[in-house]
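S.K.: One structure is given below, represented as structure tokens, and several questions about it will come after.
The values are calculated or read from the model by the stated rules, or taken from the named source; none is laboratory data. Fair warning: this is a prediction, and the values are worked out from it, not measured in the lab. Neighbour counts run over all protein chains shown; Cβ positions are idealised from the backbone, glycine included.
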Amino acid sequence: MLFSRELLLLYGLAGIGMIGGSLFRPILPIFTRAFGATGFEIGLLTSGFMIARAFVSIGSGKLIDLGYSSRKLIRIGFGLVVILTFFFLSVKSYLGILLIRVGQGICSGMIWPSAQIMVGGFSERGYRTRALSIYQITGRIGMLLSRGILIGILMIGTRLGYSAHERYRLVFLFAAILLMGGFLESWFLKGKEKEMEPKDAGGFHFDPILPIAFIMGGLLSLQSIAILYFNEQFSIRPVDIVAILLIMDLVILVTTYLFSFIADRYGVKPALLFIIIPCVVAGLGFPFQRIASLSLLFWFLTRVTVTGFIPIARSYATAQKSGVGMSIGFLNMATNLGAVVGPALGGIIYDQLWGGFKIASYSILSLLLPIFFFWLRRE
């Protein structure tokens, strides 16, 4: 069942985890800046988190393939991330903040690949992609809710006369409490998912889905570059960009489920074709648009297709007959490493080129997709 007890708990876990994990992200750069951090050091917080998450994801997958409990990894990860988030209340230096973020990346690499494997294990093949899609959608809803909660906390702190630094500490406190709710919920996961024999997954098998995931992770992480582009090239105000992003995110909730339905009904590879063709067209056309509305449309198509790829790729990984944990682990690693490389590539191109070509990083990454997709189809 698409809404069985265990799946509902996992959907809820994704929502709570995303609220708690996303709540402090918008204020973290400002909070860190108060400790004298440079722009590079602030960027390193994201890179450190992603790199730690990437490599721990593989280790978590390997442990699960060898028979270690997904539930235990989720509980340990949530328990540690609660403690680490509480450390934000007393941190005194940039190095302390960096270590906390790397630690949170390690916890993320324990929690979310394990949860994805459990969603796959509790769902049948006929609706597995939709289950993973709903899991992702609840996470995105959690992220949207976190923005409203953040505004509320900051407003309350202001009314109480707290300084900016004290208000930020209050945000970290609420985030830790919310993550504690996720830790407590994880103890209610009792059902038995589909059996996967405890075994060594053997040697690493390179799958063309991995470079596709790397490229998609890179495209997804170019959002900050796109925001800068629209602000500078078309003079779109930040408040309007936020409103556009909100509308996009609401539409993406529907399109993500639609792509997942196609994958369940017709198969993963046909669904990927529906994703990759518009993604390539949008990526190639993006730099050549001189009208703001058309440029926004191409950006929207890119975001829709990239987001739709994620649950389909996870469904593909959980359908493997052996080494499911490692498949999920490597998939997460590829996406996370793409998210590290993407902004660096996008920033270099943005600084070196002019006009619409400042956003050519979308074109470069999109052009690589057909190569690996045709390789995947031959597998």
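S.K.: Give the residues of segment 10-27 that are among the hydrophobic types (A, V, I, L, M, F, W, C) and buried (at least 19 other Cβ atoms within 10 Å of the Cβ), sorted by residue number.
M.R.: Across segment 10-27, the qualifying residues are LEU10, LEU13, ALA14, ILE16, MET18, ILE19, LEU23, PHE24.
S.K.: Next question. Yes or no: GLY148 in a helix (DSSP H, G or I), more than 19 Å from the chain's Cα centre (by Cα) and at pLDDT 95 or above? Lay out the reasoning, then the answer.
M.R.: On the way: in a helix (DSSP H, G or I): yes; more than 19 Å from the chain's Cα centre (by Cα): yes; at pLDDT 95 or above: no.
Judged against the criteria, GLY148 is not a match.
S.K.: Output the residues belonging to segment 158-174 that are under 29 Å from the mean Cα position of the chain (by Cα), modelled with pLDDT of 90 or more and not aliphatic (A, V, I, L, M).
M.R.: To start, the set of residues in segment 158-174 that are under 29 Å from the mean Cα position of the chain (by Cα) comprises 164-174.
When the remaining residues are screened for being modelled with pLDDT of 90 or more, the result is 166-174.
Within segment 158-174, GLU166, ARG167, TYR168, ARG169, PHE172, PHE174 qualify.
S.K.: What single numbered condition from (1) among the aliphatic types (A, V, I, L, M); (2) over 30 Å from ARG265 (Cα atoms); (3) surrounded by 15 or more Cβ atoms within 10 Å (Cβ to Cβ) fails to hold for ILE177?
M.R.: Single failed check for ILE177: (3).
For every residue, the table says whether it meets (1) assigned to a helix (DSSP H, G or I); (2) touching an Asp or Glu at 6+ places or on another chain (Cβ under 9 Å); (3) acidic (Asp, Glu).
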| site | (1), (2), (3) |
| --- | --- |
| THR85 | yes, no, no |
| SER90 | no, no, no |
| GLN104 | yes, no, no |
| GLY121 | yes, yes, no |
| ARG125 | no, yes, no |
| GLN136 | yes, no, no |
| GLY139 | yes, no, no |
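S.K.: Quick check on this structure: which one of GLY323, GLY342, GLY346, GLY356 is on the phi > 0 side of the Ramachandran plot and not assigned by TED's automatic domain parsing to the domain that holds MET118? Steps first, answer last, please.
M.R.: Working: GLY342 fails: on the phi > 0 side of the Ramachandran plot; GLY346 fails: on the phi > 0 side of the Ramachandran plot; GLY356 fails: on the phi > 0 side of the Ramachandran plot.
Going through GLY323, GLY342, GLY346, GLY356 in turn, just one is on the phi > 0 side of the Ramachandran plot and not assigned by TED's automatic domain parsing to the domain that holds MET118: GLY323.
S.K.: Output the residues belonging to segment 229-256 that are β-branched (Val, Ile, Thr) and over 13 Å from SER293 (Cα atoms). Talk me through it step by step, then tell me what you get.
M.R.: Of all residues in segment 229-256, those β-branched (Val, Ile, Thr) come to 236, 239, 241-242, 244, 247, 251-252, 254-256.
VAL239, VAL242, ILE247, VAL251, ILE252, VAL254, THR255, THR256, listed by residue number.
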